[in-house]
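Novice: I am attaching a structure below and will ask some questions about it afterwards.
The values are calculated or read from the model by the stated rules, or taken from the named source; none is laboratory data. It should be emphasised that the depicted structure is a prediction, and the values quoted were computed from it without experimental measurement. Neighbour counts run over all protein chains shown; Cβ positions are idealised from the backbone, glycine included. All accessible areas refer to the heavy atoms of the entire protein, side chains included, with ligands and DNA or RNA removed. Shrake-Rupley method; radii C 1.70, N 1.55, O 1.52, S 1.80 Å.
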Amino acid sequence: MPTAVTGQIRVGLIGAGLIGQLHSMMIRYVADRTEQSVRVVSVADISHAAAESLAARWQGAKALESAKEIIADPSIDAVWICTPTAMHLRICIAAAEAGKHIFCEKPLAMTAAEASAMAAAIKASDVISQVGLVLRFSPVFNVIKEMFAGPDVGRLLSVTMRDDQDFPTRGAHASAWRNDPTLTAGGTLIEHSVHDFDLLTWMFGPATSIYCRTRNLNGADGVEDFGATSIEFAGGAHGQLTSIWHRMIARPSNRRLEVFAENLFVACDADTLGPIVFQRGSAAQEETIAADEVMARFTEKILRERPYLAPIRDRLMIPYAAEDATFIAALKGACDPDPEFAAGVAAQRLVEAAYESARTGVPVQLKS
C-alpha cells in the first residue's frame, strides 16, 4: 500500500506548455482552498523561458531544463507529467523508480505496450498514480450516466458521439508537436478521442468489438485527422464515434452525444455544462435540463461520491480542477486515485484496436 504524503505536498511540473499551465492553475485552486496543502516547487521544460514563466507563478519555485533534475530532487513528493506523448515512458519509469507519485497526462504512451511497461514500473515502485482522463469529471456526462442508471430506462440501444476540434497545432490548442510523428502517438483518435473511448466504456460498459476507418489530409504520416469507429458493447448496444480534426479555427472544441435506450433518449451538444435534452417513455415531447440544473445535479452527485472535493465546490464546473483535487486527496490518503493508471492503459488498448482495424479493414474482437 503506497504511503500517503504528510505535510505539504511538494510538486514538480514536467512540461510548461498548455496542459502544464492548466494543471498549475488547478493545483493553485486546491492550494488556496486547503491551507496551502500543496505547492509547485519546480518546473522543467526544454524551453527554459517557458519553465521560468510558469515557475514565476509560484513563490520560490525553480525553473529547470530537464525532468531528470526534478526526479533527482529528494524533496519532491509527486510529479505531473505534461510533456509530448513520446516523452512519457522515460519520464514515468524514472519517476516511479525514484519513488515519486505520478500524475500522467493522456495518452499514456506511444503504444499500449509502453503504457503497460509504465504501469508495471509504478506497481513495482508502489507509488500513487493517476491518469488525465478528465471527461470522467464532466458535469454533463456524470448526469447523463446517472440518468441511464435509472430503474425504468430499459435496455441500452445506441450511443452516438461526435468529437470535433480545430487541428491542434494553432489557435487555443496550439501545440506544434501534435503534427510530428516522432512525438505524438497518432492523430485525433489517440491524442483527443482516447478521452472518448474511455468515457463511453466508463458510462456504458465494456466493448467487445471495434471497427474503424481513418483518413489523413494533413500530410504527416500516422497523424490521422478523421476516424469513424463502430463499437459493440458487451450489453448488446451499438456505438458510433466520429473523431474529427478540422480547419475551422473559430469553432470551439466540442462533443455531441446522443443515447437511446428502450425508454429514454438523451442528447447534449456540450461536453461540460449542458444543457441536456431528453425524452422518457410515452412522454409526448422532449424536455430540457438547463445548464444550471445540470451543475446542481452534478454537484450533489460528485460531493456524495467524493466528499473530499468539498473545498473546491466553487470550481467543480472545471473538470480539471476536480481531477487534480482527486489526485491531491489520494496523495493525502483521503481516497483512491481515480482514474487509476490502469484505466489509461485500457483506453490506449481500445484506440490501438481501432488503429489495427483501420489497417486491416476488419473488426477487432476485444478480450474481456
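Novice: Looking only at the stretch 7-29, filter to residues that are open to solvent by 40 Å² or more (accessible area, probe 1.4 Å) and either touching a Pro at 6+ places or on another chain (Cβ under 7 Å) or in a loop (DSSP other than H, G, I, E, B) (or both); which one of those is farthest from residue 76 (Cα to Cα)?
Specialist: Top of the filtered list is 7.
Novice: Test of understanding: among 46, 70, 91, which residue is assigned to a helix (DSSP H, G or I) and free of Cβ contacts under 8 Å to residues at least 60 places away in the same chain?
Specialist: Going through 46, 70, 91 in turn, just one is assigned to a helix (DSSP H, G or I) and free of Cβ contacts under 8 Å to residues at least 60 places away in the same chain: 70.
Novice: I want to confirm something. Restricting to the stretch 188-211 and keeping residues that are part of a loop (DSSP other than H, G, I, E, B) and more than 16 Å from the chain's Cα centre (by Cα), which single residue is farthest from residue 356 (Cα to Cα)?
Specialist: Per the stated criteria, the residue is 205.
Novice: Right, here's the next one. So if I check each of 334, 322, 329, 310, which one is at pLDDT 95 or above, closer than 23 Å to residue 4 by Cβ and part of a loop (DSSP other than H, G, I, E, B)?
Specialist: Criteria check complete, one pass: 334.
Novice: Among the candidates 103, 148, which residue alone is within 27 Å of residue 203 (Cα to Cα), among the aromatic types (Phe, Trp, Tyr) and open to solvent by less than 10 Å² (accessible area, probe 1.4 Å)?
Specialist: When all the criteria are applied, what remains is 103.
Novice: Mind checking whether some residue in the stretch 322-331 is open to solvent by less than 60 Å² (accessible area, probe 1.4 Å), in contact (Cβ under 8 Å) with a residue 24 or more places away in the chain, under 25 Å from residue 120 (Cα atoms) and acidic (Asp, Glu)?
Specialist: Checking the stretch 322-331: at least one residue is open to solvent by less than 60 Å² (accessible area, probe 1.4 Å), in contact (Cβ under 8 Å) with a residue 24 or more places away in the chain, under 25 Å from residue 120 (Cα atoms) and acidic (Asp, Glu).
Novice: Could you say which residue among 342, 267, 358, 354 is modelled with pLDDT of 95 or more, open to solvent by 50 Å² or more (accessible area, probe 1.4 Å) and either assigned to a loop (DSSP other than H, G, I, E, B) or among the small types (Gly, Ala, Ser) (or both)?
Specialist: Step by step, each of 342, 267, 358, 354 is checked, and only 342 is modelled with pLDDT of 95 or more, open to solvent by 50 Å² or more (accessible area, probe 1.4 Å) and either assigned to a loop (DSSP other than H, G, I, E, B) or among the small types (Gly, Ala, Ser) (or both).
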